[in-house]
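The values are calculated or read from the model by the stated rules, or taken from the named source; none is laboratory data. Keep in mind it's a predicted model, so treat the numbers as computed, not measured. Cβ sites come from the backbone with ideal geometry, for glycine too, and all protein chains shown count toward neighbours.
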Amino acid sequence: MKISNPPIPPFSKGGYRGNLGYKMEKKVKCWEVFACKEKECPAYKSKDLKCWLFSRTHCRDEIQGKYLEKMAMCLDCEVFKANMDVSSMKETIEAIDKQFKEFASIVEERDKELEDISMELSVGLSEVLEALNKIASGDPRVRIPEDSKHELIAKLKQTVNKTAGEIGIIVDQSHEFAIGLAEHFDILHRVAKGELSARIPEVSQDELLKALGNVTNQMIESVAREITKRKNAEDELRKKSERESLILRSVPIAFYTAKASGDFGRIWISEQVKDISGFPPNKFIDDSSFWSSRIYPDDRDQVLMEFETIHNKGTIALEYRWQCADGSYYWFRDLAVLVRDEQGKPKEIIGTWRDITDRKQAEERLRTMSLIDDLTGIYNRRGFFTLAEQQIKIANRMKRGMFLLFTDLDGLKAINDTLGHHEGDLALIDTANILKDTFRESDIIARIGGDEFVALIIEPSNGAQSIGPRLKEKLDFHNTKMDRPYNISLSIGLAQYNPEQPCTIDDLLSMADKLMYEQKQKKHNP
């Protein structure tokens, strides 16, 4: 079952380069997604949405073990992707940490047990070897204590004592027995050095040596099995740790902890920060103000103010520009959570930091495309109203006057009817180019209808007196230069915006339209 993502809300202008965008998923229930009827499943019973944190879940027709054992499956699961957020991420990391500690505890217990066995083995072998040396020297009085926590050592001691008791037989067979003991000693010495594959050959004709060889071989096999189990456990733990580390490194997100106040300097930050910022982690840690000092100046106060609110909100999410190692500013998304101590006081902040420049650039391209007229390349009606309303607010605040020029291309219908719509399109393009040559880049020029154009003139240098003559000059020059079977003719209306008597952009447009219509009537009825 595929879980759709909700639409990403619009963001402000800006950005250059970056990684994948972040999508918030709708929370889902795993038993509903998979139409699950496993009522004995721990996740189903608890109705907890974080099903991946439960051990022995009945997911996908089989019982799943601990979280570490089913991690690869959960990471590809749509339920995991939909329900994972900063809070769940913390619980997941805590669950991983807990299970890592359990594995470490198991390994530690095994190490202690093997250390005890090794000590018992070392002491026992030392006693056995000392006794065997005395026996080999012909001392039948030798005895060693037979008590031992390890059954095989105890049996070995019993065998040595029995050997001492039967010294007479051993003396008769001294040559073969001496060779056998030397072979045993060599094997035990090799085992003590870690050669666990060493075994005593079962070719002796002496029953005592044969029994001793069997017991020794059993003891070696027992020790080898224990050591192999410990190595396997260590290898499994190492592999799981490497797999987890690889997963974290593959995510293009930097994880961090930060101070809970002041400049919110980074206490720790993951290695991924070098890939997305160009700076190594120690740059953020050694200099507590390094992160805040490189926030885009226009964004810095707002970002730090938002971080101050985390004491009340607990969680914040914000987007801002930050200067990377190449000197350019890129867009980043910051998700942060406040962690408190046992007394409820702010302890530290944990968060994620990722580059969203690509997404910002895509949003800006989409926004620009929706504001530009496809034919002429100047603003369309939506673009004009969006920018003009902003300029009216600025004019009111700064008490600054403006002029709105409304112009209509005369005779467009006749051009289309006689010469074709292609020629009519060229006439519209020529009109847009004339307006762009006449006015400054700071002025807002737009095509708001089929043959209707407007220009919002901000702070004209010579007032309204220079606007008309300058436009006529550009128009005459164009008609002289261009080899067209017609001349471009424009009817215009010019309305002034007075911040002392503010009005809407629609009102200003109506005044200019009325003046333009009056001029057009005079052309037809001189």
| message | Condition first: in contact with an Asp or Glu (Cβ under 8 Å, 6 or more places away or on another chain), of a type outside the set (A, V, I, L, M, F, W, C) and assigned to a helix (DSSP H, G or I). Can you find one or more residues in segment 55-71 that meet it? | response | no
| Only one of these conditions is not met by F406: (1) more than 14 Å from H478 (Cβ to Cβ); (2) out of contact with any helix residue (DSSP H, G or I) (no Cβ under 7 Å at 6 or more places or on another chain). Which number is it? | (2)
| Counting just the residues of segment 478-497 that are at pLDDT 90 or above, outside any strand (DSSP E or B) and under 58 Å from the mean Cα position of the chain (by Cα), which one comes out surrounded by the fewest Cβ atoms within 10 Å (Cβ to Cβ)? | H478
| task | Tell me, please, whether a residue that is of a type in the set (A, V, I, L, M, F, W, C) and modelled with pLDDT of 70 or more can be found in segment 197-205. | result | yes
| task | Give segment 351-369 a look and list any residue that's of a type in the set (A, V, I, L, M) and either more than 14 Å from the chain's Cα centre (by Cα) or modelled with pLDDT of 95 or more (or both), or say none. | result | A362, L366, M369
| said: What's the total number of residues in segment 500-525 that are farther than 14 Å from L456 by Cβ and not in a helix (DSSP H, G or I)? | reply: 4
| request: For residues that are of a type in the set (S, T, N, Q) and assigned to a strand (DSSP E or B), scanning just segment 317-355, find the one that is surrounded by the fewest Cβ atoms within 10 Å (Cβ to Cβ). | output: Q323
| request: Pairs only if they're at least six apart or on different chains, beta carbon under 7 angstrom, first in segment 500-518 and farther than 14 Å from E452 by Cα, second aromatic (F, W, Y) and outside any helix (DSSP H, G or I); list them, first residue then second. | output: L508/Y497
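So that you can scan it fast, the table gives a plain yes or no per residue for (1) under 30 Å from L426 (Cβ atoms); (2) in contact with a Phe, Trp or Tyr (Cβ under 9 Å, 6 or more places away or on another chain); (3) among the small types (G, A, S):
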| site | (1), (2), (3) |
| --- | --- |
| N282 | no, no, no |
| S292 | no, yes, yes |
| Y320 | no, yes, no |
| Y329 | no, yes, no |
| N380 | yes, no, no |
| F384 | yes, no, no |
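Within segment 451-477, which residues are part of a loop (DSSP other than H, G, I, E, B) and either hydroxyl-bearing (S, T, Y) or surrounded by 12 or more Cβ atoms within 10 Å (Cβ to Cβ) (or both)?
D451, E459, P460, S461
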| Within the set of pairs 6+ apart or on separate chains, which have a first residue in segment 215-239 that is more than 22 Å from K157 (Cα to Cα), a second that is part of a helix (DSSP H, G or I) and modelled with pLDDT of 75 or more, and C-beta atoms under 6 Å apart? | R230/R110
| remark: Taking segment 311-331 and keeping only residues that are more than 20 Å from the chain's Cα centre (by Cα) and touching a residue at least 40 places away in the same chain (Cβ under 8 Å), one is left with H311, D326, S328
| message | Restricting to segment 72-91, give me the number of residues that are surrounded by 12 or more Cβ atoms within 10 Å (Cβ to Cβ) and either over 21 Å from the mean Cα position of the chain (by Cα) or in a loop (DSSP other than H, G, I, E, B) (or both). | response | 3
| note | Residues in segment 63-79 that are among the basic types (K, R) and at pLDDT 75 or above total 1
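Filter the helices (runs of 4 or more DSSP H) completely within segment 374-443 down to those with at least 1 residues that are among the charged types (D, E, K, R) and under 18 Å from G493 (Cβ atoms).
Values: elements: 381-398, 412-419, 421-438.
Qualifying helices (runs of 4 or more DSSP H): 381-398.
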| With F54, F103, F80 as the choices, which residue is outside the structural domain of N217 (by TED's automatic domain parsing) and closer than 30 Å to S222 by Cα? | F103
